[in-house]
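Right, one structure below, let's go through it.
The values are calculated or read from the model by the stated rules, or taken from the named source; none is laboratory data. Since the model is a prediction, treat every value here as computed from it, not as a measurement. Cβ sites come from the backbone with ideal geometry, for glycine too, and all protein chains shown count toward neighbours. Each accessible area value is taken on the protein alone, full model and side chains, heavy atoms only, with ligands, DNA and RNA left out. Shrake-Rupley method; radii C 1.70, N 1.55, O 1.52, S 1.80 Å.
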Amino acid sequence: MKRLAVILIGVLAALPAAANDAPALYDVHCAACHGGDRLGAIGPALLPENLGRLKPARARQVVAQGRPASQMAGFAEVLTASQIAALVDLIYTPLPAIPDWGLDQIAESRIVHHDPDGLPDTPQHGADPLNLFTVVETGDHHVTILDGDRFQPLARFPTRFALHGGAKYSPDGRFVYLGSRDGWITKYDLHALKLVAEVRAGINMRNIAVAADGRTVMAANMLPHTLVAFDARTLEPIKVIEVTGKGGKSSRVSAVYTAAPRKSFIAALKDIPEIWEMSYEKDPEPVAQGFIHDYRAGKEEGYFDRGAFPVRRIRLDDYLDDFFFDQAYTNLVGAARNAKNGQVVDLTVGRKVADIALAGMPHLGSGITFEYQGAKVLATPHLKGAAVSVIDMTSWKTIKRIDTLGPGFFMRSHENTPFAWTDVFFGPHKDVLHVIDKRTLKIVKTLRPAPGKTAAHVEFTRDGRYALISIWENDGAIVVYDAATLEEVKRIPMNKPSGKYNVFNKITLSSGTSH
Ligand code: DHE
């Protein structure tokens, strides 16, 4: 049927498509799924801002052959190679103007799958609700909810295209929030194992954060240049915050995080050398005028008013692409991707207090903190070098560089294990994981769970007894290791699993994982 449709469309397309008229080809072949404006519909938005991770050569291959296990059909039989190339050139061409994606568009995009008031109060699955894992399977855009005691999937559901970044939980671990690169936020109930609501926060989104009081979700966008606050219960939008600096220059947002002890969201900006801190504390004296929208009718008076989320700007002398925090959220450690050094910013005094030797930051959320010989240290793999850096968090000096078999994406540990695990994501040794003893800072074992296949992203069970790793391939798996004996315990087949997020470790802000 899919093939017949492709042939029919090809016949219809034959006239306008005879020449390499890319817009005409787009209208006939792509618009129905990807939107006439290229902003996405059933399929993802086709803009250079969203396609950064897909090389044009691979895009041509996808247009020709389709994408397995998705609705994307192959067009090799109806389009010539030069027509496909023209289409790919078109989708990598920026739009003349950045489209409007304000409060109205966001509100209209919202889909309610289940009324939050109609959902059960207790878990319906018999598993420990705090030892569940949300596993993102990027191969066919699904999420699996995994029982972290029995290592059995409890549910599997299709997601928006290309989820990216950590899954975020409500403070009690009951709900999980997922963000996609093209701006969709999905709320899922881990009691009923059901979708609650979805909303499109932006056209190209970076990540989301959930306030520690559970009331607000904040989305960080690359396009448009906004931060968007949502009511975490319903995903109704509350406020769009335009990200502009002095002189009106606007900026993409690098990422937003919740700083629980500070009761604020912290965002770093890509195009303005500033950090923004936005308090989400209930306003003691609500600003009476100008409630944002009718959405807030019936909510607590004054919580979501125009005065909410006031922005405190911390000015820097360099841009910040990526950053981490210490466990107390007093210091932010960040860098511009091309900078020679990282910088440490004291959030309380609001200025840089140290430089650190981290040339070009590692991937966000890559590092961990732990005690080493009485000192608190930060350890992270490098995206551009075959090493893990261990940095003293008082002096901010590198105390050790541990040589690895290649650049890595993620390092993980747990309070109940003496070991830290790091992947080697790139190069000929992408199939190995190093296990490092946190007491000696030495590699004690190198594991190769599936020779030749990328092994990455470790996450522990809530008690730290088991480490789960991803075989990052379409015929991949989650491999469960005993974290003490370092022996394999179980292999669960999955379709290109990327991140996996344990409810307990996330909501208790374990120092061995990202938050
Ligand atoms: Fe990520 C987290 C940025 C490429 C997989 N990545 C994040 C976060 C940011 C980020 C800002 C933190 C969001 C959060 O958790 O709230 N990622 C970037 C980049 O700038 C970079 C280098 C280029 C880009 O494409 O944007 C990048 N990331 C990748 C990948 O190529 C990965 C390996 C595959 C993919 O899905 O795109 C990838 N990123 C991840 C994962 C996390 C993540 C699995 C969550 C890790 C965690 O444990 O919290």
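Annotations
- For the range 210-222, the set of residues classified as more than 18 Å from Phe133 (Cα to Cα) and either aromatic (Phe, Trp, Tyr) or in a strand (DSSP E or B) (or both) consists of Thr216, Val217, Met218, Ala219, Ala220, Asn221, Met222, listed by residue number.
- When Ser498, Ser514 are checked against the criterion of being part of a strand (DSSP E or B) and either more than 20 Å from Asp149 (Cβ to Cβ) or touching a His at 6+ places or on another chain (Cβ under 6 Å) (or both), Ser498 stands alone in meeting it.
- Checking each residue in the range 242-257 for being in a strand (DSSP E or B) and either within 13 Å of the ligand (Cβ to nearest atom) or surrounded by 22 or more Cβ atoms within 10 Å (Cβ to Cβ) (or both) picks out Val253, Ser254, Ala255, Val256, Tyr257.
- Filtered by the rule that a residue be within 10 Å of the ligand (Cβ to nearest atom) and open to solvent by 20 Å² or more (accessible area, probe 1.4 Å), the range 483-497 gives a lone residue, Lys496.
- Residues of the range 146-166 that are in contact with a strand residue (DSSP E or B) (Cβ under 7 Å, 6 or more places away or on another chain) and closer than 15 Å to Arg462 by Cβ: Leu146, Asp147, Gly148, Phe151.
- Checking each residue in the range 259-272 for being part of a strand (DSSP E or B) and either without any contact (Cβ under 8 Å) to a residue 40 or more places away in the chain or under 15 Å from Asn331 (Cβ atoms) (or both) picks out Ala259, Ser264, Ile266, Ala268.
- Taken over the range 503-514, the criterion of being within 13 Å of the ligand (Cβ to nearest atom) and open to solvent by 30 Å² or more (accessible area, probe 1.4 Å) is satisfied by Leu509 alone.
- Exclusive hit being away from the ligand (no atom under 16 Å from the Cβ), surrounded by fewer than 20 Cβ atoms within 10 Å (Cβ to Cβ) and aliphatic (A, V, I, L, M), set Leu79, Leu87, Leu119: Leu119
- Residue count, the range 77-127 (criterion: part of a loop (DSSP other than H, G, I, E, B) and touching a Pro at 6+ places or on another chain (Cβ under 6 Å)): 5
- Check on Phe324, within 15 Å of the ligand (Cβ to nearest atom), open to solvent by 10 Å² or more (accessible area, probe 1.4 Å) and assigned to a loop (DSSP other than H, G, I, E, B): no
- The set of residues in the range 258-271 that are open to solvent by 10 Å² or more (accessible area, probe 1.4 Å) and modelled with pLDDT of 90 or more comprises Thr258, Ala260, Pro261, Arg262, Lys263.
- Residue list for the range 208-237, filter: within 16 Å of the ligand (Cβ to nearest atom) and open to solvent by 20 Å² or more (accessible area, probe 1.4 Å): Ala212, Met222, His225
- Of all residues in the range 466-475, exactly one satisfies the criterion of being surrounded by fewer than 17 Cβ atoms within 10 Å (Cβ to Cβ) and more than 21 Å from the chain's Cα centre (by Cα), namely Asp475.
Each row is one residue, and each column tells you yes or no for (1) farther than 20 Å from Ser514 by Cβ; (2) more than 16 Å from the ligand (Cβ to nearest atom); (3) in contact with a Leu (Cβ under 7 Å, 6 or more places away or on another chain).
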residue	(1), (2), (3)
Phe370	no, yes, no
Ala375	yes, yes, no
His382	no, no, no
Ala386	yes, yes, yes
Gly408	no, no, no
Glu415	no, yes, no
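- Whether a residue is modelled with pLDDT of 95 or more and surrounded by fewer than 21 Cβ atoms within 10 Å (Cβ to Cβ) was assessed, and Asp463 passes this test.
- Qualifying positions in the range 473-490 - in contact with an Asp or Glu (Cβ under 9 Å, 6 or more places away or on another chain) and not in a strand (DSSP E or B): Asn474
- Condition met for Thr93 (touching a helix residue (DSSP H, G or I) at 6+ places or on another chain (Cβ under 9 Å), hydroxyl-bearing (Ser, Thr, Tyr) and open to solvent by 40 Å² or more (accessible area, probe 1.4 Å)): yes
- Against the criterion of being at pLDDT 95 or above, of a type in the set (Lys, Arg) and closer than 30 Å to Tyr329 by Cα, Arg491 does not qualify.
- Figure legend. Inter-residue proximity from the range 163-189: first residues more than 14 Å from Val143 (Cβ to Cβ) and among the hydroxyl-bearing types (Ser, Thr, Tyr), second residues more than 8 Å from the ligand (Cβ to nearest atom) and open to solvent by less than 10 Å² (accessible area, probe 1.4 Å), beta-carbon distance below 7 Å, spacing 6+ or different chains. Indicated pairs: Ser170/Ala232.
- Condition check for Ile275: touching a residue at least 60 places away in the same chain (Cβ under 8 Å), within 25 Å of Asp100 (Cβ to Cβ) and buried (at least 20 other Cβ atoms within 10 Å of the Cβ): no
- Ala13 meets the conditions (1) open to solvent by 50 Å² or more (accessible area, probe 1.4 Å); (2) modelled with pLDDT under 85 in every case but one. The failed one is (1).
- Flag set for Lys500, criterion: under 25 Å from Phe157 (Cβ atoms), within 13 Å of the ligand (Cβ to nearest atom) and touching a residue at least 12 places away in the same chain (Cβ under 8 Å).
- Selection over the range 455-497 of residues that are within 23 Å of Thr159 (Cα to Cα) and polar (S, T, N, Q) gives a count of 3.
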